[in-house]
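Some notes on the structure that comes next.
The values are calculated or read from the model by the stated rules, or taken from the named source; none is laboratory data. The structure presented is a predicted model; accordingly, all values stated were derived computationally and were not measured. Heads up, the Cβs are rebuilt from the backbone with ideal geometry, glycines too, and the neighbour counts pull from every protein chain shown.
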Amino acid sequence: MHCRTAVLCFAVLFCSAAFSADSAEQWQTIFNGTMEGWKVGENADSWRIENGALVCHGPKAHLFYVGDSRPFKNFELECEVMTRPGSNSGIYFHTEYQESDWPRRGLECQVNISHTDSIRSGSLYGIVKVTDPPARDNEWYTNNIRVEGRHVVIRINGQVVVDYTEPENQKPHSDRFDRRLGQGTFALQAHDPDSEVWFRNIRVRRLP
């Protein structure tokens, strides 16, 4: 290949790669150490802020992110999580604010290392079950959720634990829960009074 042609091809490939990388939005921190941008309905006392982290400990309560009016469809969400022994929680996405009850819309990434529920951290609840996540109670771990179209990848401490593609024309999970991909916001779950779970360094970026 002629040297000038090779240089031109390389430049085109480089620019294409740069454009692809830049087409995703920049990371945005969505928890700033206060409840600003977050909203909880029932049992609001189940949530508190301690040492720069969101902490759930109490009766069922869901904390929804309401700091951006644009719904999230394709995105990458990352946060650090720490569970106390025997605790259960969850990270919902493609959901919407509810005043009470379990979120009807959206999917849940399970947060659970040693609760009696055998569906462990990283599981796509009710869809893909993880039984042995690479994380421990009383230690911070990184939870990353990436959604592009019908494809969901969940990583715990950098290790892929779920790689799921939703079937076309997927039906609702049940009459009570619509566990399908769509668009919406995020929610963190306080599951029960015996569970204590911590969240910090919560950030998100939108994908094309």
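Limited to the range 149-184, what total is found for residues that are touching a Pro at 6+ places or on another chain (Cβ under 9 Å), under 15 Å from Glu78 (Cα atoms) and of a type outside the set (A, V, I, L, M, F, W, C)? Give the steps one after another, and end with the answer.
Narrowing the range 149-184 to residues touching a Pro at 6+ places or on another chain (Cβ under 9 Å): 150, 156-159, 161, 177-180, 182-184.
Those still in the list that are under 15 Å from Glu78 (Cα atoms) too: 156-159, 161.
Now drop any that are not of a type outside the set (A, V, I, L, M, F, W, C), which leaves 157-159.
So the answer is 3.
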Pairs, first free of Cβ contacts under 8 Å to residues at least 40 places away in the same chain in the range 93-121, second β-branched (Val, Ile, Thr) and surrounded by fewer than 22 Cβ atoms within 10 Å (Cβ to Cβ), C-beta under 7 Å, six or more apart: Gln110/Ile119; Asn112/Ile119; Ser118/Thr131; Arg120/Val130; Arg120/Thr131
Selection status of Ile119, touching a Cys at 6+ places or on another chain (Cβ under 8 Å) and either in a loop (DSSP other than H, G, I, E, B) or within 26 Å of Asn32 (Cα to Cα) (or both): no
Candidate set from the range 38-71 (those that are surrounded by 14 or more Cβ atoms within 10 Å (Cβ to Cβ) and small (Gly, Ala, Ser)); member that is modelled with the lowest pLDDT: Gly41
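Can you confirm whether the range 78-85 contains a residue that is without any contact (Cβ under 8 Å) to a residue 60 or more places away in the chain and under 15 Å from His191 (Cβ atoms)? Full working, then the answer.
Here is the first cut: in the range 78-85, the ones without any contact (Cβ under 8 Å) to a residue 60 or more places away in the chain are 85.
So of that shortlist, the ones also under 15 Å from His191 (Cβ atoms) come out as 85.
Yes: one or more hits.
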Selection within the range 178-193 - surrounded by 14 or more Cβ atoms within 10 Å (Cβ to Cβ) and of a type outside the set (Gly, Ala, Ser): Asp178, Arg179, Arg180, Leu181, Gln183, Thr185, Phe186, Leu188, Gln189, His191, Asp192
Of residues in the range 155-177 being closer than 30 Å to Glu42 by Cβ and at pLDDT below 90, the one surrounded by the fewest Cβ atoms within 10 Å (Cβ to Cβ): Asp175
